[in-house]
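What follows is one structure encoded as structure tokens, with my remarks underneath.
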Amino acid sequence: MNPSAALRSHAMAQPDHPAILWDGGMLTYAAFEDRVACMAGGLQARLAPGSHVALVMENCPEFLPALYAIWRAGMVAVPVNAKLHAREHAWILENAQATLTLASSELGEKLTTVNFPNEIITLNSSEWQALDGPPIFGTNTRPDDLAWLFYTSGTTGRPKGAMITHRNLMAASWAYCADVDFIGPEDIRLHAAPLTHGSGLYAVPFFLKGAQNLILPGGFRPEDVFDALANHRHVSFFAAPTMVSRLTNHPLADAPHPGLKTLEYGGAPMYLADLKRALQVFGPRLYQVYGQGEAPMTISHTTKAMHADTGHPRYWERLATAGTPRSGCEVRVIGPNGPLPVGETGEIATRGDVVVPGYWQNPEATAKTIVDGWLMTGDVGSMDDEGFLTIKDRSKDMVISGGMNIYPREIEEVLLTHPGVAECSVVGRPDPDWGEALVAFVVGTATIEDLDRLCLDNLARFKRPKAWRMVESLPKNNYGKIVKTDLRALLEEER
């Protein structure tokens, strides 16, 4: 079940076929397999079996060979969001017990400034060139061995490492083939979103089927996506709703896009107006996915056929939902006493081979989230009599801004380290560009300039509040808990 095993058969059957593409370069399947085999041999020569190897990189051609070499070596990959602050990187790498970190040059240098103690090898360094060893062609992993530690924010404000196994990866990949599209050698997976997250997970089914992966380096730029759609055919890619909005509002949006096969969107709610505009621009080549890191990209879906079925009497009502359960997934809505009937609201739960066994070194969070094999998503919703799932709200206070999951408590803890902050609370408000934007309510004498600098010094830039409210007090209930619904109501009144 190790995904890297498929590379060797493709390298033998179609050695000259493109595996990885980027601007100005290409790796064939033969070259890709050779790189993975040799790098895996080097990793085995220096690290113990099952070691955790971190990947701290922006999208680049080296990411996927390194990821697959880690798996070929029988080790665990720990891809980390490149946008995080160096202190956040260091915390995740220490929590994951990563014995080796493979990093882009700039991110590797930043890690050294926060005194990260473990070994770091940066791209294009002499150490990177020396990573190769005797090639390894086979794998010794078992289906339930850990493959990927996927760090996702937790309710405590600290990230949690969802333990994605090889079985989970394969279940998600086969669900893609069953639900989204047939994949053939001429298909291309475009990576405009970070490879360290869902985009990287989507590379797996394309390599399993001997297809191609096209990497866009750097951040998301609509013009680069449109250029790829103009110059390639059979292209599929994932985009958060905010990315879809940027694409559909770009000057190139109304040009023909013959290269597009499928645009998967998810990670946050898609506003109906944005969805209508996306259908106008791209046609019924849209596919909605609802998933979490704990069930990688795979809980429910709205298929391309549903997007195309304009004659259905509930067309727009269906498209406003999160769709129906994915292949291999059971989905329930659960209340305090168990599963709820059609139409009643409760917590969404899912079960299947795609659901992770738990969180790395966090048995308390595992016990709360994985209950009798069911993943408790923390999302509140209902199921209708046709099996369509509607997400009503989030039971946690997570804010999704620009497709990134942000937990306010993490920011609040940083703000409270300032001696001039007595109390604070961070909430999200609707934002036309980012989906949601962070607003911080602060009681105390600190200046906004000082608090803004504090956030920049300790958090990723995208976690910095977009607006500040200096107030005399915060609303509280009878137990002394800050009532965030009242704060959101105040922001709603300001609109």
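The values are calculated or read from the model by the stated rules, or taken from the named source; none is laboratory data. Remember, it's a predicted structure, so these values are computed and weren't measured experimentally. Note that each Cβ is placed from the backbone with ideal geometry, even for glycine, and that neighbours are counted across all protein chains shown. Areas reflect the complete protein model, heavy atoms only, side chains present, ligands, DNA and RNA absent. Shrake-Rupley method; radii C 1.70, N 1.55, O 1.52, S 1.80 Å.
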Handout entry: Qualifying position, being in contact (Cβ under 8 Å) with a residue 24 or more places away in the chain and open to solvent by 40 Å² or more (accessible area, probe 1.4 Å), among P357, P339, P363, P296
Key = P357
Practice task
Could you grab the pairs with beta carbons closer than 8 Å, sequence gap of 6+ or different chains, first residue in the range 196-215 and part of a helix (DSSP H, G or I), second one among the acidic types (D, E)?
Solution key: Y202/E264; F206/D187
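Residues checked against (1) at pLDDT below 95; (2) open to solvent by 10 Å² or more (accessible area, probe 1.4 Å); (3) in contact with an Asp or Glu (Cβ under 9 Å, 6 or more places away or on another chain):
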site	(1), (2), (3)
I136	no, yes, no
D144	no, yes, no
W148	no, no, no
Y151	yes, yes, no
R158	yes, yes, yes
A162	no, no, yes
L169	no, no, no
A178	no, yes, no
F182	no, yes, no
Problem - K466 closer than 30 Å to P241 by Cβ and either at pLDDT below 90 or within 29 Å of the chain's Cα centre (by Cα) (or both) - result: yes
Fill in the blank from the handout: A careful count of residues in the range 254-282 that are without any contact (Cβ under 8 Å) to a residue 40 or more places away in the chain, open to solvent by 20 Å² or more (accessible area, probe 1.4 Å) and either closer than 20 Å to E223 by Cα or not aliphatic (A, V, I, L, M) (or both) gives 10
Exercise for the section: Name the single residue, out of those in the range 116-134 being without any contact (Cβ under 8 Å) to a residue 40 or more places away in the chain and in a loop (DSSP other than H, G, I, E, B), that is surrounded by the most Cβ atoms within 10 Å (Cβ to Cβ). Expected result: F116
Exercise for the section: Note down all Cβ pairs under 9 Å where the first residue falls in the range 1-22 and is without any contact (Cβ under 8 Å) to a residue 24 or more places away in the chain, the second is assigned to a strand (DSSP E or B), and they're at least six residues apart or on different chains. Expected result: A11/A19; A11/T28; P15/T28; D16/T28
Exercise for the section: Kindly check whether there is at least one residue in the range 304-315 that is under 24 Å from the mean Cα position of the chain (by Cα), in a strand (DSSP E or B) and within 30 Å of R167 (Cα to Cα). Expected result: no
Fill in the blank from the handout: Taking the range 378-432 and the residues there that are of a type in the set (A, V, I, L, M, F, W, C) and in a loop (DSSP other than H, G, I, E, B), the one that is surrounded by the fewest Cβ atoms within 10 Å (Cβ to Cβ) would be L416
